[in-house]
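Laboratory data are not the source of any read-out in this text; all were calculated from the coordinates shown. Because the structure is a prediction, the values reported are computed rather than measured. Here the Cβ positions follow ideal geometry from the backbone for every residue, glycine too, while neighbour counts run over all protein chains shown.
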Amino acid sequence: MFDTTPSLQCGKYTLNLDAPRIMAIINVTPDSFSDGGHLASVQQAIDFALRAVEQGAHMLDVGGESTRPNARPVSIDEELSRVIPVIEALAARVEVPISIDTSKPQVMRAAVAAGANFINDVFALRNDGALDAAAELGVPVCLMHMLGSPQTMQQDAHYDDVLVQVRQFLTERIFACEMSGIPKKNIVIDPGFGFGKQLEHNLALLANLEYFIQLGVPVLAGVSRKSMIGHITGRALEQRVVGSAAAALIAAQNGARIIRVHDVAETKDALAVLAAVQGAARKDHSLKAKPSIQWPDED
Ligand code: 7PM
């Protein structure tokens with residue numbers, strides 16, 4: 001009924017989306033407490049990514065921090081100096097697609113030249129030149145919903161109907177992409193958990209993720225360690241692994257095809273349980289459908 005793209009062509013890699021896939025978050029963040037500074041953060045990101053692939057990550061999302069909520073704006077040169085060495089090293093060493101997490105067209109171009117083959121833009125290609133850059137580069141893109149800007153979005157987000165409004169936004173961005181020459185087969189959408197949303201909005205989006213499947217493109221969900229998990233469990237950032245795996249499982253069950261996570265091994269186990277249970281589900285719907293009358297010749 002809903003024609004969901006079964007796979008994404010990411011450069012030389014075909015990412016099969018028959019089952020939910022794990023996108024590992026690779027942050028390239030200078031650590032102010034480390035003497036190694038910039039070089040050390042690059043090496044740390046590479047090591048983290050190699051481990052994520054060993055643990056079963058299906059793709060890597062390399063980000064230089066500029067797209068985070070409340071992040072200090074990062075210059076183009078600074079962002080490039082963080083992410084490009086990491087992408088170059090990983091492209092030579094791993095056999096999975098590499099996503100660049102950026103909103104800047106210049107970074108998109110340099111990242112794809114360095115070996116990235118997917119663009120993850122939390123600003124949904126709304127920056128000047130971003131649509132054209134993505135169209136020229138020809139790689140799949142993830143369009144994420146955000147209310148406001150990374151600086152303002154946490155100020156008391158309000159929606160009349162969060163599902164309708166987020167879906168309307170994503171519909172418009174899909175249309176903008178198609179008008180710019182980005183084919184639907186190269187588009188992924190993301191409701192943007194935590195980006196200008198309060199707990200009730202995040203819960204409504206997660207509970208009703210299937211509402212976005214109707215748009216006919218794969219859905220990506222990023223809930224890992226987010227404040228919604230903190231609010232629900234009462235736990236600090238590093239203690240949200242179990243809550244995050246539970247939320248990832250619900251996202252997958254509700255139709256998400258790419259799950260963006262910090263904790264690959266834990267998410268993989270959670271998704272393995274889902275796959276096993278789904279494999280045992282009755283195909284004939286005899287238990288799911290509950291007709292009020294049981295006709296004698298139905299089995
Ligand atoms: C601080 C707060 C640091 C929030 C980092 C974050 C998403 C994303 C991010 C997402 C897509 C995080 C976020 N979140 N890209 N980038 N979807 N497509 O938790 O939900 O990683 S940044």
Inset, instruction - Along Cα→Cβ, 7 Å out, is where each label goes; now give me the distance between the ones at Q155 and Q106 in nm to one decimal. - result: 2.8
Legend entry - Order by protection proxy (mean Cβ within 10 Å, highest first), peptides 257-266, 188-197: 188-197, 257-266
Inset, instruction - Starting from the Kirkwood radius over alpha-carbon pairs of the chain, derive D by Stokes-Einstein at 37 °C in a medium of 0.692 mPa s and give it in µm² s⁻¹. - result: 165
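Using DSSP H assignments, which helices in the chain have an axial alpha-carbon span of 20 Å or above and a mean Kyte-Doolittle hydropathy of 0.5 or higher?
On the way: long enough: 37-54 (26 Å, 0.42); 76-93 (25 Å, 0.53); 162-179 (25 Å, 0.71); 264-279 (22 Å, 0.86).
Counting only whole DSSP H runs, the qualifying helices are 76-93, 162-179, 264-279.
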Legend entry - Inter-site label distance for L199 and Q168 at 7 Å from Cα along Cβ, in nm: 2.8
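With +1 assigned to the C-beta of every Lys and Arg and -1 to the C-beta of every Asp and Glu, and no other charges, what is the dipole magnitude of the chain about the Cα centre in debye, to the nearest 20? Numbers along the way, then the final one.
On the way: 26 positive and 34 negative charges, 43 e Å.
Magnitude of the dipole: close to 200 debye.
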Legend entry - Reach of K268 by Cα under 15 Å, taken over aspartates and glutamates that are not fewer than 8 positions away in the same chain: E54
Inset, instruction - Could you work out the relative contact order of the chain, using alpha carbon pairs under 8 angstrom and six or more residues apart, expressed as a whole percent? - result: 18
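Pop the C-beta distance of D132 and A280 into the FRET formula with R0 = 45 Å and round what comes out to the nearest 0.05.
On the way: r = 48 Å, r/R0 = 1.06.
Given R0 = 45 Å and the Cβ-Cβ separation, E is 0.40.
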Inset, instruction - Any of K226/K283; K12/K104; K104/K185; K104/K184; K12/K226; K12/K197 with alpha carbons more than 28 Å apart? Name them for me. - result: K226/K283; K12/K226; K12/K197
Inset, instruction - Quick one: what are the phi-derived ³J(HN,Hα) couplings along the range 7-21, Karplus 6.51/-1.76/1.60 with θ = phi - 60°, whole Hz, x for glycine and proline? - result: 8, 10, 8, 10, x, 7, 9, 9, 8, 6, 10, 4, 10, x, 10
